[in-house]
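Remarks on the structure that follows.
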Amino acid sequence: MKRIPYPHLTPFVLIGLCFLYGFEGFGQKKLAEHLDYRFSKIGDGIYVASTPNPYTWPVQGNVTIIINDRDVIVVDATGMVPAAQLIISEIKKLTNKPVRYLITTHFHDDHNYANSEFLKAFPGAEIISSKFTRDKILSDFFKDKFIKANREAGYKDVAPQLNQIVEEVTKEAYPGYEKVVANLNQAAIDIPNKRKSFIYATYSPPSLIIENQMVIYRGEREIRIIPGAGDTPGDLWIYLPKEKIIISGDAVVRPTPYGGSTTPIEWISTLEKMEQLDFNTLVPGHGDVQTDKTYLHLMIDLLKSIRDQAQASIKQGLSKDEALAKITITEIEEKFTGGDALKRFYFEQYFKGGAFANMYDALQVQDFKK
């Protein structure tokens, strides 16, 4: 089966579905009707805004709101203007304190394209990121691949690719395949909404850069902002030791992980550093808040398994394609998917092939440097 690209590029590619089904009538659906952010309290003055289904389109990251003694710190801004406006409205209901810092965990647009809405609502706010993230956001890559692609007509050339995937899924007709087809068909309706949001938005890059750990103190609250390669080389994650909360960005994603990291070896180290900390709440970049370390352990086991298998394949002199054909992670995969057809589809599309290929490449580079 053909693979749809990594999820942060998939919204652009799925625009191709709109050409399969046509744009007529899609513009009648208001953006607000597509939003379904839910707010949950995870600590004293700490809230998470998340969408209940991580497989709907457009993909939107979780947002964490930290209300302190004299200001508010927000982690990630979503990628849609209406979503950010909804969250800002909720913040103003919760407190009259201003947002002082907006932390951008990484450069993918579903976490930061709506940054400008926070600056409009809170003029004194500063945006914090790593240097890698800021450089990436200001690069031609970001402008062309994220902004331009969303604002313009889309990728007509991928329509046949997406059509083929739908046809193959339908032909295979495995148990639950209807859920997959319905999900992709729904994307044809939802993607134009994201395009509209991009047309209306103006982008605001980070204004404060951290290279090493940064700590913000607010009364008795300690907020650690920690660099650590995960979904991207420039990821930041946040730890609140007193509250025992970790906010991981896309280094951790539920219910099935993303596998596009180009630094998978370092990704394991980042997750192991998280695991060593004393916490009982983990806010992933997408998906449900976790209340123990079970899912984090599962992700570490998964990445170590593909690392060990990739390393063994390299020692045997196998090519990347030969190694990929031999990978066996069925038992661990089942723990992520539970046999659900939609979860299995996205585990295959988002994680399996890309993660193993990237691990193989990273290990070859590592061996070359030795």
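The values are calculated or read from the model by the stated rules, or taken from the named source; none is laboratory data. Keep in mind it's a predicted model, so treat the numbers as computed, not measured. Methodologically, a virtual Cβ is constructed for each residue, glycine included, from the backbone with ideal geometry; neighbour enumeration extends over all protein chains shown.
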Some residue of the range 276-287 being closer than 26 Å to Asp135 by Cβ, out of contact with any helix residue (DSSP H, G or I) (no Cβ under 6 Å at 6 or more places or on another chain) and of a type in the set (S, T, N, Q): no
The one condition in (1) closer than 30 Å to Ala173 by Cβ; (2) in a helix (DSSP H, G or I) that Gly339 fails to fulfil: (2)
Residue count for the range 76-122, restricted to those that are part of a loop (DSSP other than H, G, I, E, B), under 17 Å from the mean Cα position of the chain (by Cα) and not small (Gly, Ala, Ser): 10
Matching strands (runs of 3 or more DSSP E) fully within the range 202-277 where at least 1 residues are under 18 Å from Asp288 (Cβ atoms) and either basic (Lys, Arg) or in contact (Cβ under 8 Å) with a residue 12 or more places away in the chain (or both): 236-240, 245-249
Residue check for Ile73: surrounded by 23 or more Cβ atoms within 10 Å (Cβ to Cβ) and modelled with pLDDT of 95 or more: yes
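Using the structure shown, decide if Leu298 is at pLDDT 95 or above, more than 26 Å from Phe132 (Cβ to Cβ), in contact with a helix residue (DSSP H, G or I) (Cβ under 8 Å, 6 or more places away or on another chain) and in a helix (DSSP H, G or I).
Yes.
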Given (1) closer than 27 Å to Leu342 by Cβ; (2) touching a residue at least 24 places away in the same chain (Cβ under 8 Å); (3) in a loop (DSSP other than H, G, I, E, B); (4) not β-branched (Val, Ile, Thr), index of the condition Asp292 fails: (2)
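Yes or no: the range 308-322 includes at least one residue that is touching a residue at least 24 places away in the same chain (Cβ under 8 Å), under 20 Å from Val48 (Cβ atoms) and part of a helix (DSSP H, G or I).
Scanning the range 308-322, I find no residue that is touching a residue at least 24 places away in the same chain (Cβ under 8 Å), under 20 Å from Val48 (Cβ atoms) and part of a helix (DSSP H, G or I), so the answer is no.
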Pair list, Cβ under 7 Å, 6 or more apart: the range 92-114 residue without any contact (Cβ under 8 Å) to a residue 60 or more places away in the chain, other residue in a loop (DSSP other than H, G, I, E, B) and hydroxyl-bearing (Ser, Thr, Tyr): Asn112/Thr104
Hey, Arg134 surrounded by 17 or more Cβ atoms within 10 Å (Cβ to Cβ), in contact with an Asp or Glu (Cβ under 8 Å, 6 or more places away or on another chain) and either at pLDDT 95 or above or within 19 Å of Ile225 (Cβ to Cβ) (or both) or not: no
Any hit, the range 223-242, residues being surrounded by fewer than 19 Cβ atoms within 10 Å (Cβ to Cβ) and under 21 Å from Pro98 (Cα atoms): yes
Identity of the residue in the range 39-58, more than 16 Å from Ser248 (Cβ to Cβ) and under 12 Å from the mean Cα position of the chain (by Cα), that ends up surrounded by the most Cβ atoms within 10 Å (Cβ to Cβ): Pro58
Index of the failed condition, Gln349 passing every other in (1) assigned to a helix (DSSP H, G or I); (2) modelled with pLDDT of 95 or more: (2)
